[in-house]
Amino acid sequence: MPRRKVAIAGVAESRFGEVPDATSLQLHQEGAALALADAGLKPDDVDGLFSCGADIMHPLILGEYLGLRPGYVDGTQVGGSSWEFFVHHAVGAIEAGLCDVALLNYATTSRSDLKRKIRSANVAIEARG
C-alpha cells in the first residue's frame with residue numbers, strides 16, 4: 001500500500017507574551033482558529049488532535065472546548081520535545097489512515113502567571129510506612 005502524502009497546510013500563533021485577559025484554553029482556541037483559517041479548513045475537518053498540558057486529560061478537555069470530535073488523539077508529554085514528537089506522530093497517523101487532518105495545538109499563560117505571581121501546582125507524593 002502506498003504511503004499517503006502529508007503536508008503542513010496552515011500555521012498560526014495566538015497572542016503571546018503577557019496576556020492577563022486570556023486563559024490557556026482561550027489562547028488554544030485563537031491559535032487553532034487562525035491555523036485552520038490559514039489552511040482553508042473548518043473545525044469539522046479536524047479528525048486528529050495533538051496537544052498536551054498540565055492535566056493528563058488535556059487533549060480531551062481541549063477537544064471538547066474547541067468543539068472538535070477527533071477520532072485520533074495524542075497527548076504525549078516528553079518535555080520541550082513534545083512538539084517534535086507530535087509532528088512525527090501526526091505524519092504517522094495520517095500515513096496510516098488513522099486521521100486526515102491533524103491539529104497540533106499549544107498555548108500557555110505562564111508568562112502572565114509569573115507576572116501575577118501565580119504558580120502552577122506542583123505535587124509531591126510520598127509513600128510512607
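Readers should treat all values here as calculations from the given coordinates under stated rules, not as data from a laboratory. Bear in mind the structure is a predicted one, so any value in this text is a computation, not a measurement. For neighbour counting, all protein chains shown are included, and Cβ atoms are generated from backbone atoms with ideal geometry for every residue, glycine included.
Inter-label distance, Lys42 to Glu13: 3.0 nm, where each label sits 7 Å from its Cα along the C-beta direction.
Protection proxy ranking of 67-75, 96-104, by the mean of other Cβ atoms within 10 Å over each peptide's residues and highest first, is 96-104, 67-75. Each Lys or Arg adds one and each Asp or Glu subtracts one; over the other residues with Cβ under 10 Å from the Cβ of Ala102, this totals -3. Each Cα pair of the stretch 34-96 feeds into the Kirkwood radius, which the Stokes-Einstein equation turns, at 20 °C and 1.002 mPa s, into a diffusion coefficient of 174 µm²/s.
Once the Cα-Cα distance is subtracted from the 0.36 nm per residue extended length, the Thr23 to Glu64 segment shows a gain of 13.2 nm.
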